[in-house]
Amino acid sequence: MKILFLHPNFPAQFRHLATVLGKDPQNTVVYATNRLEGSIPGVNKVVYEKSRAARPETHHYVRPLENAVLEAQGVYRVAQKLKDQGFYPDVVYGHSGWGPTLFMKDIFPQATLLCYFEWYYNAYGSDANFDPSDPINADDEARIRTKNAPILLDLVSCDRGLSPTAWQRSQFPPEFQSKIKVHHDGIDTSYFRPMPEAKLNLARINLDLTAAEEIVTYVARGMEPYRGFPQLIEAIYLLQQQRPQCHFVIVGKNRVAYGKTLPDGKTYKDVMLEKFPVDLSRVHFTDLLPYDEYLQVLQASSAHIYLTRPFVLSWSMLEALSTGCVIVASDTAPVTEVIEDNVNGLLVDFFSPQQTCDRVIEALEHPEQMAIIRTQARKTILEKYDLVKLLPQHLQWVQDLV
């Protein structure tokens, strides 16, 4: 099979599929991306570039579409070079939204076009209007509707698509959902596995918590309202008053990965630490971590907090479940597609730091009861999200569509 993967990041959602295809010498695997770092054996990575960014004078509703078109043009130029070299893919498989897939049916009309449909924007019923303190207006409604333009182009032109959770697929227009299969990328359960009595010592960043008996963990790409960071800090403030020996490890970058930045240039971390004077000697911000250190954090976790608006489900939540963490998670979609309260995790009101605090204490004070939940957490991943099962199915889906 000749396959062309398209994604601005590398290797992103195609890590496992590209790896297994790259191992077979009968396949020709090309991955077009704009990320320079990283490589996969047997995969020819080619880098594309946008000629420019969207112009400031472009209407702000249309700016994402302009960026997507510019992204698509960069991909098209790389695709033309590949075509000139004699590469005609059987399959083009790309992530929809940023734009790389937009013109693939024009340059490779005979190829099967598959799209990874992660998210469709809606003004109501999911992330945008979730927070009552941050209501949307008519301008937001129009902007959100227009933001779907490149995704709608992909929905029309693709042969088939894939979405990682049923709830995420349900966000797409009903008339297109029949083109989208629900299939998660899969979790490497042999890597993300429990290690009973694990201690945390990350020498690279001088974080030694081997003496800590209670470690509460949190993982996200950024520190923003979308992933409940403000509620996390308030919950830590409450917890510190009741658990004086508890340490908190926060993995993530001091940035906004999803949603709005603050208008005054401050970060949510700055604002929340000013508002809640937590004891920073027991709160450890690690920044983003390499996979091996991230795994150590999960394995040493006494309780793991995962909060999210109704939005894209984080890999980290599933990886934490696979590692046997006791997860205190928001009672929001698509979390509830995976976690059942008091069965394989503990659910809380997203907007209640007090409830998060109380349930973390419950997790810390009842280790025997939590051992059952830890077992069920991993069982959920082994039964429904294990890479060993899902990767062959994913590969077969691609092959069947050639």
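Only the coordinates and a few stated rules stand behind these numbers; no lab work does. Since the model is a prediction, treat every value here as computed from it, not as a measurement. Neighbour counts are summed over all protein chains in view; Cβ atoms, including those assigned to glycine, are modelled from backbone coordinates with ideal geometry.
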Could you derive backbone 3J(HN,Hα) for the stretch 314-320 from the dihedral phi with the Karplus parameters 6.51, -1.76 and 1.60 (θ = phi - 60°), listing whole Hz in sequence and x where the residue is Gly or Pro?
6, 4, 4, 5, 5, 5, 5
Could you tell me which Cys residues in the chain have no other cysteine's Cβ under 4.7 Å from their own Cβ, answering none if every one has a partner?
C246, C325, C357
Within a Gaussian network of the chain (alpha carbon springs, distance under 10 Å), most fluctuating of V29, V219, V335
V29
With θ taken as phi - 60° and the coefficients 6.51, -1.76 and 1.60, list the Karplus ³J(HN,Hα) couplings across the stretch 253-262 in order, rounded to whole Hz; mark glycine and proline as x.
9, 7, 7, 9, 8, 9, x, 8, 7, 6
Surface/4 of the Cα convex hull for the chain, nm²
20.1
Env charge @ I205, Cβ radius under 11 Å, K,R +1 / D,E -1, value -2
Tell me which residues come under 5 Å, amide H to amide H, from Y31 once H is placed; ignore anything under 5 positions away on its chain.
F5, N44, K45, V46
Looking at the chain only, what percent of DSSP beta bridges run antiparallel? Nearest 5 please.
5
Before anything else, pin down the relative contact order of the chain: Cα pairs under 8 Å, at least 6 apart, normalised by residue count, whole percent.
14
Over 23 Å (Cα to Cα) among K199/K275; K23/K45; K253/K275; K50/K83 -> K199/K275
What is the sum of charges, Lys and Arg at +1 and Asp and Glu at -1, for the other residues whose Cβ falls under 14 Å from the Cβ of K379?
+2
With a ≥ b ≥ c the root eigenvalues of the C-alpha gyration tensor of the stretch 201-384, is it rounded (a/c under 1.5), prolate (a/b larger than b/c) or oblate?
rounded
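Can you pull the Rg over Rh of the stretch 1-145, Cα-only, Kirkwood? Provide the component values of the computation, followed by the final result.
Working: Rg = 17.5 Å, Rh = 16.7 Å.
A ratio of 1.05.
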Once amide H atoms are placed 1.01 Å from N in the peptide plane, what residues at a sequence separation of 5 or more from G97, or on another chain, have their amide H within under 5 Å of its amide H?
none
Amide H of L207 versus every other amide H placed in the peptide plane: which residues, excluding those fewer than 5 positions away on the same chain, fall under 5 Å?
L202
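Classify the stretch 236-300 as rounded, prolate or oblate, taking a ≥ b ≥ c as the square roots of the eigenvalues of its Cα gyration tensor: rounded when a/c is under 1.5, otherwise prolate if a/b is larger than b/c and oblate if not.
On the way: a/c = 2.82, a/b = 1.13, b/c = 2.50.
Judged from the Cα gyration tensor, the stretch 236-300 comes out oblate (a/c at least 1.5, b/c at or above a/b).
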Quick one: 3J(HN,Hα) in Hz for the stretch 212-221, Karplus 6.51/-1.76/1.60 with θ = phi - 60°, rounded, Gly and Pro as x.
6, 8, 10, 10, 9, 10, 8, 9, 7, 5
All lysines inside 18 Å of K260 as judged from Cα atoms, apart from same-chain residues fewer than 8 positions distant
K147, K269
Based on alpha-carbon centroids, what's the gap between the stretch 230-274 and the stretch 300-358 in Å, whole number please?
17
Ranked on Cβ counts within 10 Å of their own Cβ, fewest leading, L238, L262 go L262, L238
Rounded, prolate or oblate: which fits the stretch 176-301, taking a ≥ b ≥ c as square roots of the Cα gyration tensor eigenvalues, rounded meaning a/c under 1.5, else prolate when a/b beats b/c?
oblate
